[in-house]
Amino acid sequence: MVESTGKNACVIGYPIKHSRSPRLHGFWLQHYGIEGCYAAESIAPDALPTFMDSLKNGTLQYCGGNATIPHKEAVLALADHADETAKVLGAANTYWVEDGALHVSNTDTYGFLGNLDEGVPDWDAPKKSGIKTAIVLGAGGASRAIVYGLMTRGFKSIILANRTVKRAHALADHFSELALANDCKIMPHSLLQAEAYLSQADLLVNTTSLGMVGQDDLVFSLKSIPITTVVTDIVYTPLETDLLKEARANGNRTVDGLGMLLHQAVPGFEKWFGVRPEVTDALRNHVLQDL
Ligand code: ATR
């Protein structure tokens with residue numbers, strides 16, 4: 001535990017060494033002149049309930065923080081109050097203690113949408129040609145947050161493509177009621193099958209780890225991509241993935257994944273430290289220096 005005379009927050013994970021959150025929140029603490037600290041705590045899964053109890057009874061002086069792998073589902077299960085997004089996604093990445101109760105939220109959807117709003121402000125504008133269509137590659141936790149976000153922004157057709165098609169079906173099933181209520185069709189496919197829908201796509205999102213340094217390449221042909229399709233990737237190492245590079249070379253508008261990390265951090269910081277922080281180039285450069 002890192003002591004400060006102000007408020008303290010921390011990211012919990014297992015392992016936690018590679019988290020970028022301390023650098024990110026540390027920048028804001030300094031920028032806004034807030035006395036406090038943001039630490040990283042390695043918490044084994046079986047130690048999580050005791051850790052949360054210590055926050056609730058004040059034994060540990062953290063007012064809240066972020067949760068990452070493998071704690072996102074468990075933190076939600078331990079919560080006294082969960083916000084709508086955390087409940088819908090079945091996972092939480094942000095927590096805080098208020099009057100001895102554990103509150104949780106999930107800000108991944110907010111981060112994804114905020115990043116696109118900043119990068120391509122009209123990315124979700126109504127289409128004269130008809131319904132808004134997105135192709136989402138991947139069907140893991142990040143995909144879940146993104147598919148939900150797309151439904152909230154009026155996308156009515158979501159091609160959900162995954163190596164393991166069964167997992168894409170499971171995610172579509174998870175959202176079946178919500179999709180129906182939003183008049184949205186979520187269509188599970190393999191990665192290869194999804195290429196056939198590219199000519200209709202207003203948005204293409206990679207939510208898989210493919211294309212990341214040290215991982216396999218993403219194999220997805222952009223041959224039939226319309227010039228109007230916005231392309232984004234949640235991978236941010238490298239900052240410009242091969243997918244983004246190819247799309248940019250083709251003339252498409254692209255948004256890199258670093259902004260999602262930065263934007264998802266905004267609501268938590270405000271909750272813990274009382275200041276709504278701004279995502280700026282200075283913050284971006286500060287985090288970039290350590291990627
Ligand atoms: P996250 O919570 O970050 O989304 P995840 O739940 O582990 O992480 O999901 C990772 C995603 O990347 C999945 O869609 C996964 O596909 P599978 O469901 O088939 O595993 C995808 N992925 C990871 N490695 C892959 C690879 N080598 N080829 C294709 N897809 C891959």
Any idea how far apart Ile227 and Leu291 come out in nm if each label point goes 7 Å out from Cα toward Cβ?
2.8
At 24 Å minimum axial length over the Cα atoms and a Kyte-Doolittle cut of 0.5, report the qualifying DSSP H helices in the chain, or say none.
none
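Can you check what the net charge comes to around Phe269, using other residues whose Cβ is under 12 Å from the Cβ of Phe269 (Lys, Arg +1; Asp, Glu -1)?
Residues near Phe269 contribute +1 overall.
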Relative to a virtual label point 7 Å from the Cα of Glu98 in the Cα→beta-carbon direction, which members of segment 57-89 show backbone nitrogen distances below 18 Å?
57-58, 62-67, 76-88
I need the semi-axes of the equivalent ellipsoid of segment 110-256: take the C-alpha gyration tensor, multiply each eigenvalue by 5, square-root it, list largest first in whole angstrom.
21, 18, 14
Sum of -39500 (n - 2.57) over DSSP H runs of 4+, divided by residues of the chain (222 nm, nearest 500)
-10000 deg cm²/dmol
Sorted by chain and then number, the residues having a modelled amide H within less than 5 Å of the amide H of Lys185, at least 5 places away or on another chain, are Ser157, Ile158
List the longest stretch of the chain that has no exposed loop site; here a site is one of the trypsin sites (Lys or Arg not before Pro) assigned by DSSP to anything other than H, G, I, E or B, with at most 10 other Cβ within 10 Å.
18-127
Computed curve, segment 63-145, Cα-only Debye sum without solvent term, log₁₀ I(q)/I(0) at 0.17, 0.18, 0.19, 0.26 Å⁻¹, is -0.75, -0.81, -0.86, -1.22
What per residue convex hull volume, in Å³, comes out for the chain when only alpha-carbon positions are used?
130
Lysine pairs within the chain, Cα separation less than 13 Å, 8 or more sequence positions apart or different chains:
6
Per the 1/(1 + (r/R0)^6) rule, R0 = 35 Å and r from the Cβ atoms of Arg20 and Ala125, FRET efficiency to 0.05 is 0.65
Segment 61-98 and segment 118-170 have their Cα centres apart by a whole-number Å value of 24
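We did not get these values from a lab; they are worked out from the coordinates using the rules stated. Everything numeric in this text was worked out from a predicted model, so none of it was measured. With ideal geometry, Cβ positions are generated from the backbone for all residues, glycine too; neighbour counts draw on all protein chains shown.
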